[in-house]
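Data block below; observations after.
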Amino acid sequence: MPELPDLEVLRRRLREGLLEGKVLDIEVLSDRALKTRYFKPAVLKKGILREVSRKGKNLILEFHSGFKLLFQPLLKGWVSFEVPGEAAPLLRLSFEGGRELYFIEYENKGMAGLYIVRKLEGLSFMKKLGVDPLSEEFTIDYLAGAVGERKDRLKAFLVDQKIIAGVGNAYADEILWEARLSPFRICADLDESEVEELFRAVRSVLDSAISVLEEVSGEGLPPFEYREHLKVHRREGQPCPRCGAIIKAVYEGERGTFFCPECQR
Ligand SMILES: [Zn+2]
């Protein structure tokens, strides 16, 4: 699942490449991917891209006309200048100058969604989103307040989009490894210095992932779900890069939590 760093680098690249670009044509290539029916896709035609923004794991193309195209990739959605063979195209935007932007989905899951709206607040999942960890609202006080007396385990806490928007399964594992905290710890049991450690880890893990993805992307858009730089996520059986102990995994259905049993307490 693309997470905040993937979407943030995608946002930056689209902004660099397409800002103030004019949409000449729009084609819906998968009817089920278009989740809103109120506005016809043609309302985006002749639209000029005013801004590319992101909230949590949602990408938003904002047009001068006031219309917005929101993309929610969920598990397998992505954006590309061409359609890779193994992906299904969902929607195509043709920009003046010949550039074509495709919203795509791998494995044809039918989950990724496109929304054409004027106001983002009209979308219930956007209203429920918590603080974006790259925003100024994400402070140590916010995190301490959110951790509070919560009885959730740290892993469940970090992936809860109503609290911190943008962290998913992979980066939650990485953040907890960085903070040396066990994913099974209960929020309420954290002391002040551990909350500080967690705060620092959220920022540093996301920032350094963004740098890696910027580099990997070269001049183009970031690849789908680049994960080579991760230290514990999906590294079961390999040595912990910090202490050398063997990384363990605990599965709930298909979703795994990966951690070092030695240096994460
Ligand atoms: Zn370790």
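The values are calculated or read from the model by the stated rules, or taken from the named source; none is laboratory data. Being a predicted model, the structure only gives us computed values, none of them experimental. Positions of Cβ are backbone-derived with ideal geometry, glycine not excepted, and every protein chain shown enters the neighbour counts. Ligands, DNA and RNA are stripped out before the accessible areas are found, and what is left, the full protein with its side chains, is counted by its heavy atoms. Shrake-Rupley method; radii C 1.70, N 1.55, O 1.52, S 1.80 Å.
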Worksheet entry | Selection within the stretch 159-183 - touching a residue at least 40 places away in the same chain (Cβ under 8 Å), touching a strand residue (DSSP E or B) at 6+ places or on another chain (Cβ under 7 Å) and either away from the ligand (no atom under 16 Å from the Cβ) or open to solvent by 30 Å² or more (accessible area, probe 1.4 Å) (or both) | Ala165, Asn169
Discussion item. With the requirement that a residue be modelled with pLDDT under 95, open to solvent by less than 80 Å² (accessible area, probe 1.4 Å) and charged (D, E, K, R), what does the stretch 98-113 give you?
Written reply: none
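Condition check ((1) under 16 Å from Glu8 (Cβ atoms); (2) within 15 Å of the ligand (Cβ to nearest atom); (3) of a type outside the set (Gly, Ala, Ser); (4) open to solvent by 20 Å² or more (accessible area, probe 1.4 Å)) across all residues:
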residue: Val212; (1), (2), (3), (4): yes, no, yes, yes
residue: Val216; (1), (2), (3), (4): yes, no, yes, yes
residue: Gly220; (1), (2), (3), (4): yes, no, no, yes
residue: His233; (1), (2), (3), (4): no, yes, yes, no
residue: Lys248; (1), (2), (3), (4): no, yes, yes, yes
Worksheet, complete the sentence: For the stretch 141-156, pairs from a residue that is within 13 Å of Glu192 (Cα to Cα) and assigned to a helix (DSSP H, G or I) to a residue that is among the polar types (S, T, N, Q) and open to solvent by 60 Å² or more (accessible area, probe 1.4 Å), with Cβ under 6 Å and 6 or more apart or across chains, are none
Worksheet item: When Cys240 is evaluated against the numbered criteria (1) surrounded by fewer than 17 Cβ atoms within 10 Å (Cβ to Cβ); (2) farther than 26 Å from Leu7 by Cβ; (3) within 16 Å of the ligand (Cβ to nearest atom), which criterion, by number, is the only one it fails?
Response: (1)
Worksheet entry | Identity of the residue in the stretch 75-97, open to solvent by 40 Å² or more (accessible area, probe 1.4 Å) and not charged (D, E, K, R), that ends up farthest from Phe125 (Cα to Cα) | Gly97
Item to complete: Any chance you could count how many residues in the stretch 195-215 are without any contact (Cβ under 8 Å) to a residue 40 or more places away in the chain and in contact with a Leu (Cβ under 8 Å, 6 or more places away or on another chain)?
Response: 2
Response to the item:
Within the stretch 250-265, the residues that are within 14 Å of the ligand (Cβ to nearest atom) and in a loop (DSSP other than H, G, I, E, B) are Cys260, Pro261, Glu262, Cys263, Gln264, Arg265
Worksheet item: Among the strands (runs of 3 or more DSSP E) contained in the stretch 1-74, which hold 3 or more residues that are open to solvent by 40 Å² or more (accessible area, probe 1.4 Å)?
Response: 23-28, 49-55
